[in-house]
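Some notes on the structure that comes next.
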């Protein structure tokens, strides 16, 4: 049976703390399932001994009879979680069991304790002899007095040195209905500006309130989504973004309310858009310390390369600070150090992989060197701010839709110097949008959400949706029925990271079948023969397509292009795989042989999430991933594309049936989406069900076409959290 140990074990770039149930790789926590963690603990503490399969199963499932396949699955999952070294470290001994071959080092703490215990008898003998010496008692008293003074002085000094670091516990600053996001503290820390979708949760506007009791003052009333408020250094103005499709306009407004003034337009094409995922991005505006410039992430126009830009507060001129290359999504979340000589920002490589960079600046806010990366590109950065003294950065990071945590890192004082250790903070779970004032006041947005799968009967016997199906208190989305209708595949974050799960058709007996470790892992699709699951994941950086055989846990990556490959679908005969890719600079539908081979572009004017009609004659696809989107059709063999329906809520939210298209239609607010049906024969569009809740992503049609699965946000929101005396 597995027993807890207080020791710390180190192997390769990993550290394993069994008592704290924490696995760390190169200073960053690695999320793995509880049973997988137990297996790793047994292997690491085995001292390289060969462990039989029965011994491992008794340790992992004491007193329970389980199939050997469960152990095989856990071994496969652990190997994937450990990356390239997993196959080498976990050796399979045929017909016997497994051996952990990595060189394991123990923490020296336990060794010191053992040495002291072994030495104690001889020390006691020496101490007993000393009491007989005539000079011993006076000397001992004097020494004790000196030690007491030293301890008192030391403890006093220690308290003084640590006092500034004893930040207060995180407490709620707001508790309004809906989402309060993107906080920005005033320079003196007495007020906070933020974006809130209001008491009716129907529109994001900019608000300001005192840090403490009192109601929030609404500064803006435009029906467009507004975000990223940023105080000017003198506290007189607030800059903010107003979104309009693939652009945002930057405005400046007096902090107490008044007339708005437009400063710039930012193109967000191919990157950060106003959507539910947008809530996970860092605040995207900041002022230079002299209040003459406003920095933003994006580009002034589609003709420019994305990066961090400066726009003069009077709109008279613009200046580039950074520039992205290749397939990187963009640079976002700029933050100036207190002295203005460094710019921190987030470089987003893919949807769920970004890193913190720092750019040295001259006194004129021009680049004084190349930007340096401070963190690994292993998770999405969701908030970023400088410490009050400018010596470090606080950031929040996490996997796609999974748990996020707040950490602190020391910034090198000179270029090419080693980066300081990453320090996890005792607060900040699910944190985004961090703001820290000069006085040491910290505010962040803590988000929570429960997304579930619901079922809708198409025979009319149940006029409302039933569910949830395969429920948890985390996110479930992008479902798919197996061809025989007996099982489901879906994405879930219930393990702490987004992974693929399978269950019975009614949602019972859920089992995690992937361990990709944090980056996006979604869109599972059963093969027509029910033997494999096709999905996309960003485990290697950009999104790639993978094939998983659930019965054996065999996993195979089938694309490796540096561009994105997303939202795959099988052809009806299982011989072809359709997917969306931005290999040409924008998302288009591509296809490739399921057995492997070169991909061929299908669309030329944009497209993704392509699905063949049941008769194999047509290919239906979403025009683009933004919201709203539209559904189009093109002959499978090629030809002219044709618009079928508009108002699609998201590219993943439609399915193709025998008689027509079922899709989640976008209402005039997130809570007013509906399930609509478009009939091929008549072209008639009918609303079947009004959701009454915000929509999520993914739909599935049962093989008998008698029911639909869809994903909605059953509950969600965010509050502003306050921490005082942070250093």
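Read the figures in this text as sums done on the coordinates, not as results from a lab. Because the structure is a prediction, the values reported are computed rather than measured. Here the Cβ is made from the backbone with ideal geometry for all residues, glycine too, and neighbour counts use every protein chain on show.
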Cα gyration tensor category, rounded, prolate or oblate, for segment 347-458 with a/c compared to 1.5: prolate
Relative exposure of 238, 308, judged by other C-beta atoms within 10 Å (fewest first): 238, 308
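Could you give the semi-axes, largest first, of the ellipsoid that matches segment 8-106, computed as the square roots of 5 times the alpha carbon gyration tensor eigenvalues and rounded to whole Å? Working shown, then result.
On the way: eigenvalues 88, 43, 31 Å².
Those come to 21, 15, 12 Å.
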Cβ-Cβ FRET estimate between residue 403 and residue 188, R0 fixed at 25 Å, reported to 0.05: 0.15
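Using the count of nearby Cβ atoms within 10 Å as a rough guide to exposure, how do 408, 642 rank from fewest to most? Mind dumping the intermediate values first?
Details: 408 19, 642 10.
Ranked by crowding around the Cβ, least crowded first: 642, 408.
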Computed label-point distance, nm, for sites residue 605 and residue 688 using a 7 Å Cα→Cβ extension: 2.8
Extension gain, residue 486 back to residue 640 (0.36 nm per residue minus Cα-Cα distance, nm): 51.7 nm
Virtual spin-label span in nm between residue 304 and residue 217, 7 Å along Cα→Cβ: 3.2
Efficiency of FRET from Cβ geometry, residue 705 and residue 101, R₀ 45 Å, rounded to 0.05: 0.30
Förster-model FRET efficiency, 51 Å R0, residue 22 and residue 560, C-beta, rounded to 0.05: 0.95
Overall form of segment 524-605 per C-alpha gyration tensor (a/c, 1.5; a/b vs b/c): oblate
Gain in span if fully extended, residue 615 to residue 259, counting 0.36 nm per residue against the direct Cα distance: 122.3 nm
Inter-part distance where segment 627-655 and segment 502-538 are each reduced to a Cα centre, Å: 25
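If each DSSP helix of 4+ residues adds -39,500 (n - 2.57) and the sum is divided by the residues in the chain, what number results at 222 nm, nearest 500 deg cm²/dmol?
Numbers: 6 runs with 89 residues, N = 727.
Mean residue ellipticity, 222 nm, calculated: -4000 deg cm²/dmol.
Sort 549, 556 so the one with the fewest other Cβ atoms within 10 Å of its own Cβ comes first.
So the ranking, lowest neighbour count to highest, is 556, 549.
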Inter-label distance, nm, simple model (7 Å from Cα along the C-beta direction), residue 506/residue 552: 3.3
Between segment 172-239 and segment 33-70, the alpha-carbon center distance in angstrom: 51
